[in-house]
Amino acid sequence: MRNREALEPLFRTRTTEEWVRDLREADILCAPILSYPEIATQEHVAHRGMVVEVVHPQVGTARVAGIPIRLGETPGGIRRPAPLPGEHTVEILREAGYDEAAIGDLLKSGVVRAWNL
C-alpha cells in the first residue's frame, strides 16, 4: 500500500486492456479486477450459469449468483430467492417443538419476528 499513491496516477495513463496486454507480453501474471456488472456479463459466466434470474416477492425479477459447484449426477440450482428476514420464523419454531401459544407469545413480546404477520 505504501506505493499506491505513486502508482495510481501512472496506472490511469492507460486503459486496463493496454496494461493487461503489455504485462502479459512481458510474461507477468496479471488479470483485470472486474466489477460485479462486468463479471455478470462475461461470456464464460453466462455459459456456466453463474448468474441466474429468480422472481423475488418484493423486487420482481432479480439476477443472483448461481451455484458454483457442478456435480454430474446431482446438479444444483436456484429454485427461489433467499428468504426475507423472518420469513420462516414460525415454521422453524414449530420444527423446534414450540406450540402455537408459545410462538404467539414470542411474536407478541418481540423476541422473534415474522415478516408476514
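Tabulated data for the structure shown
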| item | result |
| --- | --- |
| Cβ-based charge dipole, the range 14-117, positive-most Cα from 110, 82, 66 | 110 |
| Lys, Arg +1 and Asp, Glu -1 on Cβ, resulting dipole of the range 18-68 about Cα centre, debye, nearest 20 | 280 debye |
| Electrostatic dipole magnitude of the range 1-116 [Cβ: Lys, Arg +1; Asp, Glu -1; Cα centre; debye, to 20] | 140 debye |
| Alpha carbon centroid spacing (whole Å) that separates the range 8-45 from the range 63-111 | 40 Å |
| Which labelled figure in (1) 0.98; (2) 1.03; (3) 1.78 is Cα Rg over 2.2 N^0.38 Å, once derived from the coordinates | (3) |
| Ellipticity estimate at 222 nm from DSSP helix runs (n ≥ 4, -39,500 (n - 2.57)) divided over the chain, nearest 500 | -10000 deg cm²/dmol |
| Residue 51 long-range amide H proximity, modeled H, under 5 Å | 66 |
| Theoretical gain in end-to-end length, residue 82 to residue 70 [0.36 nm per residue, Cα-Cα removed] | 2.3 nm |
| Inter-probe distance in nm under a simple model that places probes 7 Å from Cα toward Cβ, at residue 54 and residue 108 | 3.4 nm |
| Accessible area (Å², per residue) of the range 1-99, counting only protein heavy atoms and a probe of 1.4 Å | 86 Å² |
| Percent carbon-and-sulfur accessible area, the range 29-117, ignoring ligands, DNA and RNA, probe 1.4 Å | 58 percent |
| Residue (of 96, 55, 39) at the positive-pole extreme of the chain, dipole from beta-carbon charges | 39 |
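The values are calculated or read from the model by the stated rules, or taken from the named source; none is laboratory data. Just so we're clear, the structure is a prediction, and the values are computed from it rather than from any experiment. Using ideal geometry, Cβ is built from the backbone for each residue, glycine included, and neighbour counts are taken over all protein chains shown. For the accessible areas, the whole protein counts, side chains as well, though only heavy atoms, and no ligand, DNA or RNA atoms are used. Shrake-Rupley method; radii C 1.70, N 1.55, O 1.52, S 1.80 Å.
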